[in-house]
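Below is one structure; the comments refer to it alone.
What follows draws every value from the coordinates through simple rules; no lab data is involved. Bear in mind the structure is a predicted one, so any value in this text is a computation, not a measurement. Positions of Cβ are backbone-derived with ideal geometry, glycine not excepted, and every protein chain shown enters the neighbour counts.
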Amino acid sequence: MVSTKTQIAGFEFDNCLMNAAGVACMTIEELEGVKNSAAGTFVTKTATLDFRQGNPEPRYQDVPLGSINSMGLPNNGLDYYLDYLLDLQEKEPSRTFFLSLVGMSPEETHTILKKVQESDFRGLTELNLSCPNVPGKPQIAYDFETTDRILAEVFAYFTKPLGIKLPPYFDIVHFDQAAAIFNKYPLKFINCVNSIGNGLYIEDESVVIRPKNGFGGIGGEYIKPTALANVHAFYQRLNPQI
Ligand SMILES: Cc1cc2nc3c(=O)[nH]c(=O)nc-3n(C[C@H](O)[C@H](O)[C@H](O)COP(=O)(O)O)c2cc1C
């Protein structure tokens, strides 16, 4: 049997399979379900500082080769996930879990990360850079200047193991430029990829999700070659300690 054991940032996992942020991880009940499955670990729904209702429904739809969604970051707020993880690390100290987070502004991101830094959390933190930042500007990870600035600010105070969740890139020059930025910082991991942004699915002359006139992130079989390309492109470019 091939072993599916792996390690990330020096933490060992019995199995390399886990959920992705946003899938089966919004509530403690769902997180317990992933924890008690064969998965090696789990990642929480991306937490913002406060509870968010998210976008109006329908905001997710299964489509023939995957899914389209515009959830709008519904989540129970940082404390819900952090309190659960702090409790869990006392109950199951041999296992390591991921906390996904991002603020609705750079200021909120720093507030959240400082709370995590000051807490007793000993797990891995995943900063979701594939989300909107400022209206009229692309999502953070497509704005290299902002990405560089946020990472520089974060690593001025954040000393716990931190990685970033990335949207897909599609151009070799963008792989080069993004990797050059990531290599400046002591990132412990990167996660490729978030959904391909702003797809549009039409069925019976109608869009299938309500927010954004039907535009939404695409996941599933549609994006697997893009996901693999991103994993490999960064494997080739990033410093070995990542
Ligand atoms: C309903 C839904 C909610 C998601 N929420 C988040 C999220 O909160 N944070 C995040 O980083 N990615 C989120 N994602 C993206 C997934 O984690 C994953 O990166 C993406 O769906 C691509 O993987 P797939 O092809 O297996 O679907 C979400 C995806 C879906 C379908």
Please arrange Ser67, Ser119 by counting, for each residue, the other beta carbons lying within 10 Å of its beta carbon, fewest first. Ser119, Ser67
Measure off 7 Å from each Cα along the Cα-to-Cβ vector at Phe51 and Ala156, then give the distance between these two points in nanometres to one decimal. 3.4
Distance-filtered residues of the stretch 65-80 - backbone nitrogen under 17 Å, label point 7 angstrom along Glu203 Cα→Cβ: 65-71
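Work out how much length Phe170 to Glu92 would gain on full extension: take 0.36 nm times their residue separation and subtract the Cα-Cα distance, in nm to one decimal.
Numbers: separation 78, 0.36 × 78 = 28.08 nm, distance 4.00 nm.
Here the answer is 24.1 nm.
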Quick one: which residues, 5+ away or cross-chain, put their amide H under 5 Å from the amide H of Ala47? H built at 1.01 Å from N. Ser100, Leu101, Val102
Backbone HN-Hα couplings from phi across the stretch 184-194 [Karplus 6.51/-1.76/1.60, Hz, Gly and Pro as x]: 7, 10, x, 5, 8, 6, 10, 10, 10, 9, 6
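When Val208, Val116 are ordered from fewest to most other Cβ atoms inside 10 Å of their Cβ, what list results? Show your work: numbers first, answer last.
Working: Val208 17, Val116 20.
Fewest-to-most ranking of Val208, Val116: Val208, Val116.
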Find the relative contact order for the chain and round it to a whole percent, using C-alpha pairs within less than 8 Å whose residues are 6+ positions apart. 18
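Once you have the Cα-Cα distance between Gln7 and Glu145, take 0.36 nm times their residue separation minus that, and quote the gain in nm to one decimal.
Details: separation 138, 0.36 × 138 = 49.68 nm, distance 3.10 nm.
Extra length available between Gln7 and Glu145 comes to 46.6 nm.
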Most exposed first, judged by fewest Cβ atoms within 10 angstrom, Thr159, Thr111 run Thr159, Thr111
Those aspartates and glutamates that a straight Cα-Cα span of less than 14 Å connects to Lys160, excepting residues fewer than 8 apart in one chain: Glu118, Asp120, Glu126
Determine, from the Cβ-Cβ distance of Cys16 and Ala229 and an R0 of 22 Å, the FRET efficiency 1/(1 + (r/R0)^6), rounded to the nearest 0.05. 0.70
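Please tell me which of these pairs span more than 29 angstrom C-alpha to C-alpha: Lys115/Lys137; Lys114/Lys188; Lys35/Lys137? Can you show the working numbers first?
Numbers: Lys115/Lys137 27 Å; Lys114/Lys188 18 Å; Lys35/Lys137 37 Å.
As for pairs spanning more than 29 Å Cα to Cα, those are Lys35/Lys137.
When Lys and Arg each count +1 and Asp and Glu each count -1, what net charge do the other residues less than 12 Å away from Pro161, Cβ to Cβ, add up to?
On the way: positive: Arg122, Lys160, Lys188; negative: Glu126.
With Lys, Arg at +1 and Asp, Glu at -1, the neighbours total +2.
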Count neighbours as other Cβ atoms within 10 Å of each site's Cβ, and list the GluC sites (Glu not before Pro) in the stretch 135-237 that are DSSP loop with at most 10 such neighbours. Glu205
Calculate the length of the line joining the C-alpha centroid of the stretch 131-164 to that of the stretch 26-89, in whole Å. 21
